[in-house]
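Enquirer: Once you've had a glance at the structure underneath, I'll fire off some questions.
The values are calculated or read from the model by the stated rules, or taken from the named source; none is laboratory data. None of these values were measured; they are calculated from a predicted model. Cβ placement follows ideal geometry from the backbone for every residue including glycine, while neighbour counts extend to all protein chains displayed. These accessible areas exclude ligands, DNA and RNA; they are computed on the full protein's heavy atoms, side chains included. Shrake-Rupley method; radii C 1.70, N 1.55, O 1.52, S 1.80 Å.
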Amino acid sequence: MIPWVPPGLVSDPNLPALLVLGLMAGLLALDDTAFAQTWFGQPLPAAILTGYLFGDPITGLAVGLPLQLVLSGNIPVGQTFTGDPTSAAIAAVGGTLLAGRPLSPVLVADTVGTLPLLGWVILGAGLLSMLGHLLIQAERRSNGIWMLKGLHSLRDGRLGRIDSLHIRCLGTTFLRGLASGILFTLFIYGAWVPLYDHLPGLIRTSLGTLPLLLPGLGVGTLIDRYGLKSSWHWMALGMVCTFFAARYFSGVLP
Amino acid sequence: MNPDLTRKPKEPRRRLSWGLQWSLWVRSLSLQASWNHQRMQNLGLLWNVLPWLRRQKRHINQDRLFFRRYYGFFNTNPYLANFLIGGLVRLEEDRSAGPEIESEFIGTFRDSVGRAFASLGDQLFWLGLRPTLVMLICFSGLLGQISSIMLILGIFTVFQLVLRWLALQRGYELGMDIVDLLFDRRWHLWIARTKRAGMVLTGMVIGLYLAQITDTGVSPGRGMLWVGTGLGMGLPVILRKRLPGEVMILAALLMALVLAFAI
């Protein structure tokens with residue numbers, strides 16, 4: 001039993017699953033900037049992979065999609081790096097599924113009953129991503145300290161020191177991802193999801209709208225990045241064609 | 001006069017040994033692992049070129065000078081960095097064979113070409129390909145095509161790994177002449193194409209999303225949701241300030257609360 005959770009509120013987490021989730025979070029944290037940068041560490045694929053791990057990729061899609069859209073303006077380049085959406089997305093999906101509250105009905109059963117919980121989980125993911133940002137900055141400061149230690153090699157010419165410092169940085173990123181993945185998941189599972197049941201009705205109504213507002217904000221950021229003047233006609237072309245095609249096929253197809 | 005005499009004699013194509021190319025390639029994948037605020041990718045770059053140094057006849061003073069050349073500030077785009085790494089290995093090899101290339105020259109070459117590739121790579125990958133792929137996977141997500149999302153990212157992964165492998169050999173072949181690569185017009189053509197594709201895909205995501213919310217019986221009602229979506233899209237453009245996505249989640253919560261009060 002998790003010590004800080006009142007007894008009977010939630011069940012015990014599945015520890016082997018939590019460990020595998022932590023390992024995946026560590027690997028995807030490496031993928032973010034430290035190793036290969038395949039973009040599987042983006043919120044949407046990370047959430048879907050976590051969903052697969054727990055046998056419910058649709059919940060991963062439900063959480064990952066709005067997160068991916070709203071975070072699409074975050075570019076992980078050098079100084080501008082913001083947030084830790086990878087660990088946050090993993091924790092949001094993992095914690096919700098561990099708590100036995102799948103969000104797949106939002107998409108599968110075409111019902112809006114679980115939308116407020118989805119909004120609550122996404123809000124939690126956003127806050128955890130902000131917290132993860134602090135950890136990433138701390139990691140980068142420690143990289144700086146180790147880099148300065150490497151200056152000794154300029155005096156004694158030792159190659160092994162450079163090897164060990166760089167590998168230490170890689171290891172730190174993996175451990176940071178593993179630790180934040182597990183701790184964030186436990187937070188969502190043990191505190192955030194149970195807290196949802198005690199929210200007032202008005203807040204729940206607002207949370208139900210939250211996931212539906214996020215895509216607009218994310219797309220707005222991209223419009224701003226492309227420049228409205230130079231991009232509006234291309235966007236309008238894509239939007240009009242897709243809107244009417246979707247309306248047409250939704251009427252034609254079963 | 002025989003025109004052939006005025007031409008530069010064609011050098012035989014130089015190739016990296018398979019073992020060295022493999023070591024450099026694997027290490028190049030973690031160029032940014034030791035990223036730091038003071039000197040950014042310097043430790044990563046030095047760690048990258050160590051396999052070449054290990055294969056040379058070593059002397060402690062030479063090693064110290066080598067470290068000094070690579071320990072200054074360095075930053076470039078990770079996906080295009082291998083052109084430069086290949087070029088640097090070639091320059092180091094030429095320098096170890098004869099004294100024509102000065103130590104300072106390698107440093108200047110590293111900084112200036114690194115910066116140019118950083119700028120090209122940021123335009124092509126971060127502002128071109130990335131938003132395009134993100135919109136493509138979101139479009140697939142809106143259609144519920146989970147396997148397509150994984151397939152798209154899998155294709156991108158293979159593409160960028162192959163690009164890094166080939167770039168290493170190309171950079172090594174060209175040496176100093178990789179500067180010529182930077183003037184290739186195709187870079188800008190591809191930047192423009194990927195950005196345009198991203199714009200169309202962004203429009204497609206908006207179109208599909210609007211079509212889907214029209215069919216959704218959400219409590220605030222369609223009208224309010226359309227207002228909210230329009231406001232959301234307009235807000236970043238009106239503010240002219242690029243807020244992180246996490247802050248926008250909080251902004252969306254505020255908007256959702258206002259909408260909840262309004263109905």
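Enquirer: Considering only residues that are open to solvent by less than 30 Å² (accessible area, probe 1.4 Å) and at pLDDT 95 or above, which ones fall in the range B:153-177?
Expert: B:Leu153, B:Gly154, B:Phe156, B:Thr157, B:Gln160, B:Arg164, B:Ala167, B:Leu168, B:Gln169, B:Gly171, B:Tyr172 - these are the residues of the range B:153-177 that are open to solvent by less than 30 Å² (accessible area, probe 1.4 Å) and at pLDDT 95 or above.
Enquirer: Restricting to the range A:200-231, name every residue that is of a type in the set (A, V, I, L, M, F, W, C) and surrounded by fewer than 15 Cβ atoms within 10 Å (Cβ to Cβ).
Expert: The answer is A:Leu202, A:Leu228.
Enquirer: Let me ask another. Yes or no: the range B:101-123 includes at least one residue that is modelled with pLDDT under 95 and part of a loop (DSSP other than H, G, I, E, B).
Expert: yes
Enquirer: In the set B:Gly121, B:Gly87, which member is surrounded by 19 or more Cβ atoms within 10 Å (Cβ to Cβ) and farther than 22 Å from A:Ser72 by Cβ?
Expert: On inspection, the qualifying residue turns out to be B:Gly87.
Enquirer: Next up: Kindly indicate the residue of the range A:147-171 that is among the small types (Gly, Ala, Ser) and either farther than 17 Å from B:His37 by Cα or more than 7 Å from chain B (Cβ to nearest Cβ) (or both) and also most open to solvent (accessible area, probe 1.4 Å) among those meeting that condition.
Expert: Only one residue tops the list, namely A:Ser164.
Enquirer: Exactly one condition in (1) farther than 22 Å from A:Leu107 by Cβ; (2) within 14 Å of chain A (Cβ to nearest Cβ); (3) among the acidic types (Asp, Glu) is not met by B:Asp215; state its number.
Expert: Going through the list (1) farther than 22 Å from A:Leu107 by Cβ; (2) within 14 Å of chain A (Cβ to nearest Cβ); (3) among the acidic types (Asp, Glu), B:Asp215 breaks only (1).
Enquirer: Kindly indicate which of B:Leu254, B:Leu239, B:Leu208, B:Leu231 is open to solvent by 70 Å² or more (accessible area, probe 1.4 Å) and modelled with pLDDT of 90 or more.
Expert: B:Leu254
Enquirer: Separate question: Tally the residues that are on the phi < 0 side of the Ramachandran plot and not in a helix (DSSP H, G or I), restricting the search to the range A:180-233.
Expert: Counting residues in the range A:180-233 that are on the phi < 0 side of the Ramachandran plot and not in a helix (DSSP H, G or I) gives 4.
Enquirer: Here is a list of conditions, (1) in contact (Cβ under 8 Å) with a residue 60 or more places away in the chain; (2) in the same structural domain as B:Tyr172 (by TED's automatic domain parsing), and B:Arg55 meets all of them except one; can you say which number that is?
Expert: Unmet for B:Arg55, out of (1) in contact (Cβ under 8 Å) with a residue 60 or more places away in the chain; (2) in the same structural domain as B:Tyr172 (by TED's automatic domain parsing): (1).
Enquirer: For the range A:10-50, give me each residue that is within 11 Å of chain B (Cβ to nearest Cβ) and assigned to a loop (DSSP other than H, G, I, E, B).
Expert: Hits for the range A:10-50 are A:Phe35, A:Ala36, A:Gln37, A:Thr38, A:Trp39, A:Phe40, A:Gly41, A:Gln42.
Enquirer: Check the range B:32-40 and report whether any residue there is within 12 Å of chain A (Cβ to nearest Cβ), closer than 18 Å to A:Ile162 by Cβ, within 17 Å of the chain's Cα centre (by Cα) and in a helix (DSSP H, G or I).
Expert: Checked against the condition, which is being within 12 Å of chain A (Cβ to nearest Cβ), closer than 18 Å to A:Ile162 by Cβ, within 17 Å of the chain's Cα centre (by Cα) and in a helix (DSSP H, G or I), the range B:32-40 yields no hits at all.
Enquirer: Taking the range A:127-146 as the search range and keeping residues that are in contact with a Lys or Arg (Cβ under 7 Å, 6 or more places away or on another chain) and of a type outside the set (D, E, K, R), which one is least open to solvent (accessible area, probe 1.4 Å)?
Expert: Among residues in the range A:127-146 that are in contact with a Lys or Arg (Cβ under 7 Å, 6 or more places away or on another chain) and of a type outside the set (D, E, K, R), the one least open to solvent (accessible area, probe 1.4 Å) is A:Trp146.
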